[in-house]
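Just so it is clear, none of the values below were taken in a lab; they were calculated from the coordinates. It should be emphasised that the depicted structure is a prediction, and the values quoted were computed from it without experimental measurement. Cβ: placed from backbone, ideal geometry, glycine included. Neighbour counts: every protein chain shown.
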Amino acid sequence: MKRKVVLLACGSFNPITHMHLRMFETARDHLTKTKKCGVIHGGIISPVNDKYEKKGLVAGFHRVAMVKAAVGSSDWINVDSWEVEQPGWTVTRRVIEHFQETHDPSRQNLQFKLLCGADLLESFAVPNLWDEEDIEVILKDFGLVVMTRAGSNPQQFIDQSPQLTRLKDFIDIIDEPPHAISATLIREYLKSGKSVKYLIPDTVIDYIKQNQLYT
């Protein structure tokens, strides 16, 4: 019997956009239709720790609150603040292992899969950014679900990497990119006073205004 699957997305979510949310829905539809895994049991969004020190990153409690507001209407996607609450930045492998150990340490019932965009997959090739052993564990022990984006070719990237070619059976590519709405674009709009209506959830817009973020 196939284990139930939990989709886990790690990232800045600075702020969360409709694209992030659609990524979950698209992935669930794809995996359910292709029957490549068990039933999708849930989705978790894990915002990165402040110590990641990415330029323009607002405080973690704000990003958690925005995600919580955004997923309020979802019956299967949730936010978890564990990563934000750690004393320092946690590597992605350890984040996935934490959720697996917390929800099903025996690994008999649930399987966590890392849900990401093609940019994360391509970052595997950046020198000194990823530990090769971590990539091996993430793919073999958990699995990767990759959403394509405009101008990306995940399959070609995999074919050019000996390690990823060897582990390609643990990678699901979904060739149905969401609309090109990036958090970077949202921040630029907010700083210049442009409207972000329909680009991010109204609840997130309200939170940003109330807390005067990205101004």
Set the Förster radius R0 to 25 Å, insert the Cβ-Cβ distance between His103 and Lys33 as r into 1/(1 + (r/R0)^6), and round the FRET efficiency to 0.05. 0.50
Just need the relative contact order of the stretch 4-209 here, percent rounded to a whole number, with Cα pairs under 8 Å and 6+ apart. 26 percent
Looking at the square roots a ≥ b ≥ c of the eigenvalues of the Cα gyration tensor of the stretch 101-156, which shape do they give, rounded for a/c under 1.5, prolate if a/b is larger than b/c, or oblate? oblate
Between Ser192 and Asp75, what is 0.36 nm times their sequence separation minus the Cα-Cα distance? Round to one decimal in nm. 38.7 nm
Using per-residue counts of other Cβ atoms within 10 Å, averaged over each peptide, order 50-56, 19-25 from highest down. 19-25, 50-56
Given a Förster radius of 22 Å and the C-beta distance between Glu53 and Val126 as r, what FRET efficiency does 1/(1 + (r/R0)^6) yield to the nearest 0.05? 0.85
Could you work out how much longer the chain between Arg94 and Asp169 gets when fully extended? Use 0.36 nm per residue separation minus the Cα distance between them, nm to one decimal. 24.8 nm
May I ask you to list the lysines whose Cα is less than 20 Å away from that of Lys4, ignoring any residue fewer than eight positions away on the same chain? Lys33, Lys35, Lys36, Lys113, Lys140
Added length on full extension, which subtracts the Cα-Cα distance from 0.36 nm per residue, Gln210 to Glu85: 42.7 nm
With runs of 4+ DSSP H residues as the only contributors, calculate the mean residue ellipticity of the chain at 222 nm using -39,500 (n - 2.57) per run, divided by the residue total and rounded to the nearest 500. -11000 deg cm²/dmol
What would the Debye formula give as log10 I(q)/I(0) at q = 0.17 Å⁻¹ for the alpha-carbon point model of the stretch 1-92, no solvent? -0.73
